[in-house]
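First up is the structure itself, then whatever we jot down about it.
The values are calculated or read from the model by the stated rules, or taken from the named source; none is laboratory data. Worth saying up front: this structure is predicted, and the values here are computed from it rather than measured. Every residue, glycine as well, gets a Cβ built from its backbone with ideal geometry; the counts of neighbours run over all protein chains shown.
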Amino acid sequence: MMYMVGDAKPIPFIEDVAVPVEQLGDFVREFERVVASYGTRGDFYAHASAGCLHIRPVINLKTLPGIEAMKGITAELVQLTLKYHGALSGEHGDGQARAEWLHQVYGPDIMQAFRMLKQAADPQGIRVSAQQAEPVPAGTGARPAAHRLPRTAGRGPRP
């Protein structure tokens with residue numbers, strides 16, 4: 001799918017969502033409606049017997065509307081996943097891509113516990129990133145590829 005013609009590509013920004021297997025069909029149908037509301041579609045592959053989905057909405061990240069669609073789809077997916085009592089990361093862990101949503105998943109008490117654990121394990125802040133305890137929203141600083149500087153400084157032209 002990454003070899004699709006054009007600038008819109010299936011982007012793995014919402015990989016690894018998991019919902020209870022008995023609700024998988026309803027979740028997928030509802031998520032397809034969300035993606036369609038942004039004028040696109042999502043490609044799916046799954047470990048369906050475990051309720052784990054890898055979803056890649058087709059988005060053009062070279063445009064501001066594409067970046068906004070990515071943010072909007074993510075926000076709606078988080079709400080949909082919580083509605084179905086699912087997990088944002090069923091297989092690989094949360095990481096920075098999901099960190100901004102963890103307060104909705106875990107609530108303030110557990111988020112405070114994350115901060116305390118981080119402080120206890122790494123009081124000088126040199127070993128482990130604080131991204132989970134103090135997340136930066138995904139896409140912060142994102143801008144369309146058309147607005148980026150060319151990658152030629154010291155490396156030669158792009159292939």
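Could you tell me whether any residue of the range 26-45 is modelled with pLDDT under 90 and under 16 Å from Glu91 (Cβ atoms)? Full working, then the answer.
Taking the range 26-45 as the starting set, the residues that turn out to be modelled with pLDDT under 90 are 42-45.
Next, from what is left, pick out any that are under 16 Å from Glu91 (Cβ atoms): 44-45.
Within the range 26-45 (the criterion being modelled with pLDDT under 90 and under 16 Å from Glu91 (Cβ atoms)), the answer is yes, since at least one residue qualifies.
Out of Glu91, Glu32, report the one residue that is surrounded by fewer than 20 Cβ atoms within 10 Å (Cβ to Cβ), among the acidic types (Asp, Glu) and within 14 Å of the chain's Cα centre (by Cα). I'd like the intermediate steps shown before the answer.
Values: Glu32 fails: within 14 Å of the chain's Cα centre (by Cα).
Step by step, each of Glu91, Glu32 is checked, and only Glu91 is surrounded by fewer than 20 Cβ atoms within 10 Å (Cβ to Cβ), among the acidic types (Asp, Glu) and within 14 Å of the chain's Cα centre (by Cα).
Is one or more of the residues making up the range 48-61 closer than 27 Å to Tyr3 by Cα and part of a helix (DSSP H, G or I)?
Taking the range 48-61 as the starting set, the residues that turn out to be closer than 27 Å to Tyr3 by Cα are 48, 52-61.
Checking the rest, the ones that are also part of a helix (DSSP H, G or I) come to 48.
Yes: the range 48-61 contains one or more residues that are closer than 27 Å to Tyr3 by Cα and part of a helix (DSSP H, G or I).
Given the criterion of a type outside the set (A, V, I, L, M), outside any strand (DSSP E or B) and either at pLDDT below 85 or surrounded by 15 or more Cβ atoms within 10 Å (Cβ to Cβ) (or both), identify the matching residue among Gln79, Gln119, Gln112, Gln96.
Values: Gln79 fails: either at pLDDT below 85 or surrounded by 15 or more Cβ atoms within 10 Å (Cβ to Cβ) (or both); Gln119 fails: either at pLDDT below 85 or surrounded by 15 or more Cβ atoms within 10 Å (Cβ to Cβ) (or both); Gln112 fails: either at pLDDT below 85 or surrounded by 15 or more Cβ atoms within 10 Å (Cβ to Cβ) (or both).
Matching residue, one of Gln79, Gln119, Gln112, Gln96: Gln96.
What are the residues in the range 122-141 that are among the polar types (S, T, N, Q) and either modelled with pLDDT of 70 or more or more than 24 Å from Glu76 (Cβ to Cβ) (or both), if any?
Looking only at the range 122-141, we keep the residues that are among the polar types (S, T, N, Q), and these are 124, 129, 131-132, 140.
Answer for the range 122-141, where residues must be among the polar types (S, T, N, Q) and either modelled with pLDDT of 70 or more or more than 24 Å from Glu76 (Cβ to Cβ) (or both): Gln124, Ser129.
Can you confirm whether the range 24-45 contains a residue that is touching a residue at least 24 places away in the same chain (Cβ under 8 Å), in a strand (DSSP E or B), farther than 24 Å from Leu102 by Cα and not small (Gly, Ala, Ser)?
Yes, the conditions are met somewhere in the range 24-45.
In the range 46-75, which residues are among the charged types (D, E, K, R), in contact (Cβ under 8 Å) with a residue 12 or more places away in the chain and either under 19 Å from Arg98 (Cα atoms) or in contact with a Ser or Thr (Cβ under 6 Å, 6 or more places away or on another chain) (or both)? Before the answer, list the steps.
The initial filter retains those residues of the range 46-75 that are among the charged types (D, E, K, R), namely 56, 62, 68, 71.
From what's left, in contact (Cβ under 8 Å) with a residue 12 or more places away in the chain: 56, 62, 71.
Within the range 46-75, Arg56, Lys71 meet the criteria.
Yes or no: the range 9-16 includes at least one residue that is in the same structural domain as Ala75 (by TED's automatic domain parsing) and in contact with a Cys (Cβ under 9 Å, 6 or more places away or on another chain). Steps first, answer last, please.
Taking the range 9-16 as the starting set, the residues that turn out to be in the same structural domain as Ala75 (by TED's automatic domain parsing) are 9-16.
This time we only want the ones that are in contact with a Cys (Cβ under 9 Å, 6 or more places away or on another chain), so: 16.
The answer is yes, given that some residue of the range 9-16 is in the same structural domain as Ala75 (by TED's automatic domain parsing) and in contact with a Cys (Cβ under 9 Å, 6 or more places away or on another chain).
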